[in-house]
1. Tell me whether the stretch 187-201 contains one or more residues that are away from the ligand (no atom under 13 Å from the Cβ), within 17 Å of the chain's Cα centre (by Cα) and assigned to a helix (DSSP H, G or I).
2. If a residue counts only when it is in contact with a Lys or Arg (Cβ under 7 Å, 6 or more places away or on another chain) and either small (Gly, Ala, Ser) or within 16 Å of the ligand (Cβ to nearest atom) (or both), which strands (runs of 3 or more DSSP E) contained entirely in the stretch 302-414 have at least 1 such residues?
3. Is there a residue in the stretch 368-391 that is crowded, with 18+ Cβ neighbours inside 10 Å, of a type outside the set (Val, Ile, Thr) and touching a Cys at 6+ places or on another chain (Cβ under 6 Å)?
4. Out of the stretch 308-329, which residues are free of Cβ contacts under 8 Å to residues at least 40 places away in the same chain and either more than 19 Å from residue 54 (Cα to Cα) or hydrophobic (A, V, I, L, M, F, W, C) (or both)?
Amino acid sequence: MQATLKETITYNAVQALPQLRLGTVRPKEAGYAWAERFDIFGRSFRFVEGLARKYAPGPLWITYAGQRSLLLLTVAHVRYVLERSPDPFAADPEIKKSRLSHFEPEAATIARGEDWERKSAINHELLQPMPVAEVVAEEVATLLDRPLLTWQPFGEAFERIARRLVLGDAAAADAEVSEWLAQLQEDADRRLPAYGDRFPLLMARIAEYVKKAEPGSLAGRAASIPGATGQLPHALFAIQDTTAINTYRALALIRAHANVSAQTRENVSDMMANETYAEAALQEAMRLFPTTPIYYRTAVRDTTIDGTEVPEGTLVIIPNGFHHRDRRGHPHANQFTPSQWLNDNGEPAGEDWAYNHFSHGPQYCTGRSLALDVAVAALRTLLGRRLTLRHPALNPDRPLPYFLNHFTITLAVH
Ligand code: HEM
């Protein structure tokens, strides 16, 4: 199946071009305000939904960012591809690798073959469960000293959390590390030539912390795992950016659902003391607003997807933003319904391959448990105080918007 020229142009206008303005690695505040104002994520959702109605099961051939690509329109095809990553569907297409290699060239997510196997094994050893609650609670508690909670101090608290958990307490005040990382991410989005001299500076500083090997930090573990130092930039990035944004959005959603929703009959606030439910609330926030709304894969050799021939080098696109809100399978697709992550006994329900905010298959997020532990610890500390959501206005009885701009979320602290 092949998209028409008009569909190709519209798809690029609603999905490829906005990436440039939003920042693919480091979110740009002005771009996010623009996306919110013009409902870019809503337009993108509705357009892909229309393609799915017309072409599903697909997959659909479409030219994306100048490259011949396959758009996956069913969960079965998404599962097929994710189960086969990184071979024959590697997670390192140029569109992603060229950016990530600015600040994390050794990251497993852009590796393939034996290189990926080695890095994946390192990450599984490095990211074993570790105590995080004390550090997180200490840092987050400082946010409750002010009458208004906004993104900037929240993000800074998470930078400190990331430095302490990844590099050790000795790095708590080492803001330079976070600044270098942020700058490298901005360079990546601007497609500036790789590295400059900031990347060697960052790695030299990280190596100093690995040498100190502070117990209880990832650097402490990395000291005894050959090759692990190269994985630490990703850990810093994933805590200070990805985990921070997801936690802040979850906080806004939870406070917007302080009363029982007429739609879902669920009283979120009353349930947050339950750790399993708190985790479910986070998962649900990530389903609604995934930080990676599109995944890319590339075929490493000629292969097939459900009978469709896929030549080597084809870009495969997984539109998470669409699958997470696809109304066909989910009665409450646009509602915040944490209970859907739990079974009848209140335990975590089985995996749903429609929801890929942490991905699935061999290349699922190895830091998933760590991220959830950090986020739940932060939410529990923050929700120990009464917070009211000042902005944006989220009505629990209306369908939620397709985008939640973390830069402008504001809560009053009582
Ligand atoms: C809420 C926070 C997080 C989210 C939403 C998230 C999401 C993801 C996603 C979607 C992928 C797959 C990307 C792809 O295949 O294109 C991924 C991969 C990965 N994540 Fe996370 N992540 C989070 C936090 C973390 C943390 C805190 C760490 C480590 C400290 C981490 C470590 C990794 C690693 C190592 C991979 C690569 C796995 C592989 O390819 O072998 N993540 N993450």
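The values are calculated or read from the model by the stated rules, or taken from the named source; none is laboratory data. On a predicted model such as this, the values are computed, not experimentally measured, just so you know. Note that we place each Cβ from the backbone using ideal geometry, even for glycine, and neighbour counts take in every protein chain shown.
1. yes
2. 315-318, 410-413
3. The answer is no, given that none of the residues of the stretch 368-391 is crowded, with 18+ Cβ neighbours inside 10 Å, of a type outside the set (Val, Ile, Thr) and touching a Cys at 6+ places or on another chain (Cβ under 6 Å).
4. Listed by number, the residues that qualify are 309, 311, 312, 313.
Results for (1) aliphatic (A, V, I, L, M); (2) over 21 Å from residue 165 (Cα atoms); (3) modelled with pLDDT under 95, shown as yes or no for each residue.
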site	(1), (2), (3)
335	no, yes, yes
339	no, yes, yes
361	no, yes, no
369	no, no, no
396	no, yes, yes
